[in-house]
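Have a look at the structure below before the remarks.
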Amino acid sequence: MQANIIQKPTVREALLYEKLRGGRVRCLLCERRCSMEPGASGFCGTRVNIGGRLYTLVYGNLSAVESRPIEIKPFYHYWPGSYATTFSTWSCNFACPWCQNYHLSRRKPDPLVDKYMPPEQLIEYSKYWGDEGLCVSFQEPTLLLEYSIDVFKLGVSRGLYCCFVSNGYMTLEALRLLRESGMDGLKVDMKGDEEVYKRYCGGVDVDVVWRNIEKAREMGYHVEVVNLVVTGVNDREEQIEWVVERHLKHAGAEAPIHFTRYFPAYKFSNPPTPIKTLESAVKLARKMGVMYPYIGNVPGHWGEHTYCPECGEAVIKRMGVRPVRCKLDKEGRCLNCGFKLHIRGRILCRRRS
């Protein structure tokens with residue numbers, strides 16, 4: 001099969017790997033750092049050792065392309081009210097049993113049948129839709145590194161913002177390459193404490209995720225954190241408090257954190273998260289010092305709105321993923337008290353009449 005795929009447009013030599021003895025290679029894309037003998041692929045199945053070189057199978061191999069509001073990611077403090085051309089590939093480097101997009105994340109790429117979309121064509125879609133940015137989402141975007149870099153460079157040259165919706169398990173080398181390409185937005189899914197990562201996510205190290213959140217801030221990324229609160233898994237108060245403590249340490253008090261409602265999916269059938277659990281999480285986070293805690297996946301809830309940390313005014317009101325009222329000036333200052341909120345990019349939601 002490898003002789004047949006090497007010429008396929010979705011197969012390109014990987015940017016991040018090292019050669020080992022005996023024709024083996026080690027992938028340096030994510031912190032699994034898979035070691036592969038010739039003919040073998042890593043955990044995610046998107047990278048394969050062909051003749052002692054590592055190749056990605058997903059360059060321009062897209063599973064979805066859509067124009068979507070940035071709040072759906074969710075990004076609430078990054079270009080609020082804007083739309084992003086959102087795209088994805090296949091597979092994942094985690095193994096979460098409650099995955100909402102398992103039809104994408106559990107499917108391995110097949111270069112013999114998969115289609116190829118050049119970076120220029122994706123940018124044309126963005127231009128046609130009138131989107132303000134580019135976002136890699138739906139499954140783990142780190143696996144699409146080489147393609148994302150090329151797309152982002154084109155996008156930045158045309159005035160588009162660039163961001164990832166990620167599990168945050170990339171290497172620092174990957175994080176730097178993405179920043180150099182023009183990406184400046186990173187939303188990280190925080191699954192829970194160490195036990196959750198070891199038991200449910202495929203034996204990965206939670207400290208790596210917090211490290212990347214901190215390093216991303218140092219590199220100039222806008223960072224938002226989402227904690228999907230799964231019933232019976234990470235919903236105890238001490239677990240939420242643990243997440244908030246580390247959020248304050250590594251992301252900072254000004255970084256938004258979203259406590260998102262879980263619904264049964266894929267291999268997990270625990271009941272949906274009680275809304276009161278999410279409300280308690282937001283109140284706890286605010287009490288501990290987080291400036292912008294939110295509730296997600298509960299359309300119409302007060303926890304979707306952005307409140308001024310200084311005076312408490314609801315300065316951005318949302319209905320689901322749609323901002324419907326804004327009480328901020330063009331610089332992001334509260335119209336009630338003048339406090340400047342921590343927001344990256346232009347504010348495109350409707351202002352108060």
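Quick note: the coordinates plus some simple rules give every number you see, no bench work behind them. The structure presented is a predicted model; accordingly, all values stated were derived computationally and were not measured. In this analysis, Cβ positions are derived from the backbone assuming ideal geometry, glycine residues included, and neighbour counts consider all displayed protein chains.
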request  = Give the long-range amide H neighbours of TYR17: residues separated by 5 or more places, or on another chain, with amide H under 5 Å away, using H modelled in the peptide plane at 1.01 Å from N.
outcome  = LEU28
note = Under the 7 Å Cα-to-Cβ spin-label approximation, LYS127 and ARG286 lie apart by a distance in nanometres of 4.6
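Which GluC sites (Glu not before Pro) in region 22-78 pass both tests, a DSSP loop state and at most 11 other beta-carbon atoms within 10 Å? Could the numbers behind the result be given before it?
On the way: sites: GLU31, GLU66, GLU71; in loops: GLU31.
Here no GluC sites (Glu not before Pro) fit, given the DSSP loop and packing criteria.
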query = Using the alpha-carbon atoms, what tilt in degrees (0 to 90, nearest 10) does helix 206-219 show relative to the longest principal axis of the chain?
reply = 80
ask   = Could you give the length gained on full extension between GLU310 and GLU245, defined as 0.36 nm per residue of separation minus the Cα-Cα distance, in nm?
value = 21.2 nm
ask   = At what distance in angstrom do the alpha carbon centres of region 17-74 and region 107-122 lie from each other?
value = 14
message = If you restrict to DSSP beta bridges whose two residues both lie in the chain, what percentage is antiparallel, to the nearest 5?
response = 50
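If you average over every viewing direction, what projected area does the convex hull of the Cα atoms of the chain give, in nm²?
Reported value for the Cα convex hull: 17.2 nm².
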query = Quick one: which of LYS127/LYS153; LYS19/LYS215; LYS73/LYS191; LYS191/LYS249 span more than 21 angstrom between C-alpha atoms?
reply = LYS19/LYS215
key: Charged-residue dipole, Cβ positions (Lys, Arg, Asp, Glu), the chain about Cα centre, Debye nearest 20   = 420
query = Which FRET efficiency value, to the nearest 0.05, do you get for VAL321 and ARG33 by plugging their Cβ-Cβ distance into 1/(1 + (r/R0)^6) with R0 = 51 Å?
reply = 0.90
remark   = The alpha-carbon center of region 233-305 and that of region 134-165 are separated, in whole Å, by 27
inquiry  = Rounding to the nearest 10 and keeping the result within 0 to 90°, find how far the Cα-based axis of helix 275-288 lies from the longest principal axis of the chain.
reply    = 80
remark   = For region 202-313, shape from the Cα gyration tensor axes a ≥ b ≥ c, cut at a/c of 1.5 then a/b versus b/c, turns out oblate
ask   = What's the angle, to the nearest 10 degrees (0 to 90), between helix 237-246's Cα axis and the longest principal axis of the chain?
value = 80
request  = State the dimensionless ratio Rg/Rh of region 2-56 (Rg: radius of gyration of Cα atoms; Rh: Kirkwood radius).
outcome  = 0.93
request  = Kindly provide the helix-only [θ] at 222 nm of the chain, computed as the sum of -39,500 (n - 2.57) over DSSP H runs of four or more divided by all residues, to the nearest 500 deg cm²/dmol?
outcome  = -7000 deg cm²/dmol
